[in-house]
Amino acid sequence: MDFSLQSHESAVPCEIVADEENGRYMLRKADTSGEVFNTPSELIQWIEANWSPEQFVSPAAFHEMIKQLKSIYKEIEIYGNQSKDE
C-alpha cells in the first residue's frame, strides 16, 4: 500500500510505502530524505513521533493513512502469527 501526502514544507510529496508481501516499510520525508523500517509497527511509531496532521495540506489524508497502516499492522499480527504456528 502506497500513500502520498502533500506537505506544506515542500513541493515534493511525502511518500509512504507499506508493502507487507515483500516486507518493505519506508517513507520519503518533505526534505526528500528517507527512512526504512523492518516492521509496520516501527513505521507507524516513527510517523506518530515525527509527523503531525497539521504538517500536511490535507490533515484528513494523514489520519486516513494512519488508520490504514494500523489496519495492515493488525492483519499482519493476526494472520502472520497463525501462519507461523502452522
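Observations, loosely collected:
- Surface per residue (accessible, 1.4 Å probe) for the chain, Å²: 63
- Apolar share of the accessible surface for the chain: 48 percent from carbon plus sulfur atoms, 1.4 Å probe.
- At 0.890 mPa s and 25 °C, Stokes diffusion of the chain via Kirkwood alpha-carbon radius, µm² per second: 183
- Taking label positions 7 Å along the Cα-Cβ direction at both A60 and Q6, the computed distance is 1.4 nm, reported to one decimal.
- In Å², nearest 10: area of D31 left accessible to a 1.4 Å probe: 100
- Over the chain: helical MRE at 222 nm, DSSP H runs n ≥ 4 each giving -39500 (n - 2.57), nearest 500: -15000 deg cm²/dmol
The values are calculated or read from the model by the stated rules, or taken from the named source; none is laboratory data. Keep in mind the model is a prediction, meaning the values are calculated, not measured. Quick reminder, even Gly has a Cβ in these numbers, built from the backbone with ideal geometry, and neighbours come from all protein chains shown. For accessibility, only protein heavy atoms count, side chains too; no ligands or nucleic acids. Shrake-Rupley method; radii C 1.70, N 1.55, O 1.52, S 1.80 Å.
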